[in-house]
Amino acid sequence: MTYFVTGATGFIGKRLVEKLLERKGTIHCLVRRESMPKFKALAESFGAEGKRLVAVTGDLGKPRLGIAPATLRELGGKVKHFFHLAAIYDLAADAESQIVANVEGTRHAVEASEAMRAGCFHHVSSIAVAGLYSGVFREDMFEEAEDLDHPYFRTKHDAEGIVRKESKRPFRIYRPGIVVGDSRTGEIDKIDGPYYFFRLIKKMREALPPWMPTVGLEGGRINLVPVDWVAAVLDHIAHKPALDGHTFHLTDPAPRRIGEVLNLFARAGHAPQMTMRLDARMFGFIPGSVRAAIGSLPPVKRVVGVLLRDLGIPAAVMKFINYPTRFDCRETERALKGTKIKLPKLDDYAWKLWDYWERHLDPDLFVDHSLGGKVRGKVVVITGGSSGIGKAAALKVAAAGAKLVICARGADELAETKKEIEAAGGICHTYQVDLADLASCDKFVADVLADHDHVDILVNNAGRSIRRAIGASFDRFHDFERTMQLNYFGALRLIMGFLPKMSERHRGHIINISSIGVLTNSPRFSAYVASKAALDAFSRCAQAEYSDNGVSFTTINMPLVKTPMIAPTKMYDSVPTLSPDEAADIVVEAIIERPVRIATRLGTFAQVFYALAPRVYEIVMNTAFRLFPDSQAAKGMKGRGEIEQPTSEQIAFAALMRGVHW
């Protein structure tokens, strides 16, 4: 038996070819010249059976598929089954390309099948031909389609219309639902349909524990079918006699709502379930003109656009959340009666689809997540870069190929760090600066810009911490002044110095090392937390002004890190802390990902807890305040050392509230 297949190397096509190879005969495949390597790879994948595949050079956009007249004559009367699968299956594709591929391509395929005098023309259409028909769309319906405004719906409908009206050969039409990956392997070749929401599910998994209930949309019913089942059904029905002129819905007779489907994939990805699902139809009481007016407001359009872009969801997809059409598939069920071809349950293979997507198609896999890709050849300034977190981050950034600039007060420490970095092959420029002195800050900015022209990334790491209760600070107002001077005004002076050039170049990244204390309201750190909170607030305001200018701000609410800054408080020797190297990894994450904020889950939880139950939270923190006394130095007994070792209660509380300053 002789076959002719368009779209043989496509997602459905190559699986149909695999089924046809199980039968006797030769399979002629339409192949563009530039796609010949892809065809050869397909043939090789079938081994000896692949020798029965014959490439026919042509083009979907040309009359009679651009097949040479001699080839058409050679195939005349020999092709028993002509399968037309080549088309664009993409809601986000532009209208012009869809017209060429879906409409004109189908017309050219019909012409070619007539020239070959093919036995039967098998047209793989789509449930999109129904448009947004409200109700049950039967297999014998066509002209009843509604709301075909979208190019994909319109071109699929027009293409099927060409087969019905222009084909002089016997034909059969197949309308698959939304085709997802192989139910056996999960394999799929592109992101489409429910896959657009996988990135959202992954972000929910990263942000929330899997047991936390969330809110989602219920939506309309989405008809999903696995590609291996579609290929098997196509192959079976095509070879069954006395079915010419019939249309077959290759669909799920009991489709699930979008909310249920997303929950299946959320379970597969170990993400939180959308326990409370809102039916979007409940907003139908709002007049369409009002919804359109709100949606056209610039801030609304921009927010929605940014969210959809970050999640990789085409705006066109959101129009079909309330998809209103159900599909009767009695013709297909009748044709499959008595066979072993059964539609797999999504519950049984959803995890395979998720696993394949996460391993092979997740867009984040194709983003350069290396530090070198972000800093190589760029000017990176790290304040306080001669010790602690700053030095650890400086070593990593320099090793990644950055033009590193570090500053600190101590010349010896700077020289030692520079020597260490250069010995490892890095580039390091050092500047001795007192960031608590605004004149010194201004000179540093001027020198760096004179030497390097601009700064790509500024990491405001240098800081001062004071652990002392307010009651012990009534006569120490200078503690608040000097902490604010370095942690806020010093950092702000550098930002204001480097920001104009960043703004002019429309690119730049400012990273501020803040504290978990800003989120937890740690007692005894009022001076320190207030200074960091001021910088946090400035960053939020600045981001609102520069978000469309290519300049990003990132705040890191850093948990407790074992650095010389906390050494005077001996209790910290007995509680969980990050190492400087671990803290530097967080700085690296900020450089690579450019998030607005990085915080621990405990810090985020504390902020939410305080917002929901401030009085209860106040009691918890007051208990901690009484449990952890002032250090000897804070009491004015500097040099005597810690009189008592931490108690078991203190250690247990600190372990429970890991990373919080006490």
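Worth pointing out:
- Rounded tilt (10° steps) of 258-268 against the dominant C-alpha axis of the chain: 60 degrees
- Extension gain, Glu504-Glu74: 0.36 nm per intervening residue step, less the Cα-Cα distance, totals 148.2 nm.
- Distance (nanometres) between label positions extended 7 Å along Cα→Cβ at Lys345 and His239: 3.0 nm
- Only helices enter the 222 nm calculation for the chain: every DSSP H run of n ≥ 4 contributes -39,500 (n - 2.57), and dividing by all residues gives -12500 deg cm²/dmol, rounded to 500.
- Computed from backbone phi, the HN-Hα couplings of the range 516-523 come to 4, x, 5, 8, 9, 6, 5, x Hz, rounded to whole numbers (Karplus: 6.51 cos²θ - 1.76 cosθ + 1.60, θ = phi - 60°; Gly and Pro given as x).
- Of all DSSP beta bridges in the chain, antiparallel share, percent nearest 5: 5 percent
- Extension gain for Ser579 to His478 (0.36 nm times residue separation, less C-alpha to C-alpha distance): 33.3 nm.
- As a rough guide to protection, the peptides 439-450, 56-67, 149-160 ranked by mean Cβ packing within 10 Å, highest first, stand as 149-160, 56-67, 439-450.
- Checked against a 31 Å cut-off, the cross-linked pairs Lys19/Lys156; Lys62/Lys202; Lys156/Lys337; Lys38/Lys203 give Cα-Cα distances beyond that limit for Lys62/Lys202; Lys38/Lys203.
- The chain: angle of helix 227-238 to the longest principal axis, Cα-based, in degrees nearest 10: 0 degrees
- Calculated FRET value between Ala537 and Asp90, using beta carbons and R₀ = 41 Å, to 0.05: 0.40
- With a Förster radius of 22 Å applied to the beta-carbon distance between Phe609 and Val215, the computed FRET efficiency rounds to 0.65.
- Ranked for footprinting exposure by Cβ neighbours inside 10 Å, fewest first, Phe538, Phe121, Phe265, Phe477 give Phe477, Phe538, Phe265, Phe121.
- In degrees, nearest ten, helix 346-356 long axis to first principal axis of the chain (Cα): 60 degrees
- Here the spin labels are modelled as points 7 Å beyond Cα on the Cα-Cβ line, and at Glu545 and Asp328 they lie 6.5 nm apart.
- Length-normalised contact order for the chain - Cα pairs under 8 Å, 6+ apart - percent: 9 percent
- The fewest-to-most ranking of Phe198, Phe171, Phe480 by surrounding Cβ atoms within 10 Å reads Phe480, Phe171, Phe198.
- The lysines within cross-link reach of Lys532, meaning a Cα-to-Cα straight distance under 18 Å and a gap of 8 or more places when in the same chain, come to none at all.
- When only alpha carbons are used to place a centre, the range 465-529 and the range 360-412 end up 22 Å from one another.
- Candidate cross-link partners of Lys14 among the aspartates and glutamates, defined by an alpha-carbon separation under 20 Å and a same-chain spacing of 8 or more, comprise Glu22, Glu34, Glu44, Glu49, Asp59, Asp90, Asp182, Glu187, Asp189, Asp192, Asp228, Asp235.
- Averaging the sequence gap over all C-alpha pairs within less than 8 Å and six or more residues apart, then dividing by the number of residues, gives the range 2-366 a relative contact order of 18 percent.
- Rounded to the nearest Hz, the phi-derived 3J(HN,Hα) couplings of the range 578-583 under the Karplus curve 6.51 cos²θ - 1.76 cosθ + 1.60 (θ = phi - 60°) are 7, 7, x, 5, 5, 5, where x marks glycine and proline.
- Ranked Tyr89, Tyr431, criterion: other C-beta atoms within 10 Å, fewest first: Tyr431, Tyr89
- Counting Lys and Arg as +1 and Asp and Glu as -1 over every other residue whose Cβ lies under 14 Å from the Cβ of Leu85, the net charge comes to +2.
Read-outs throughout are calculated quantities, based only on the coordinates presented, and are distinct from any laboratory measurement. Everything numeric in this text was worked out from a predicted model, so none of it was measured. So basically every Cβ, Gly included, is an ideal-geometry build from the backbone, and we count neighbours across all protein chains shown.
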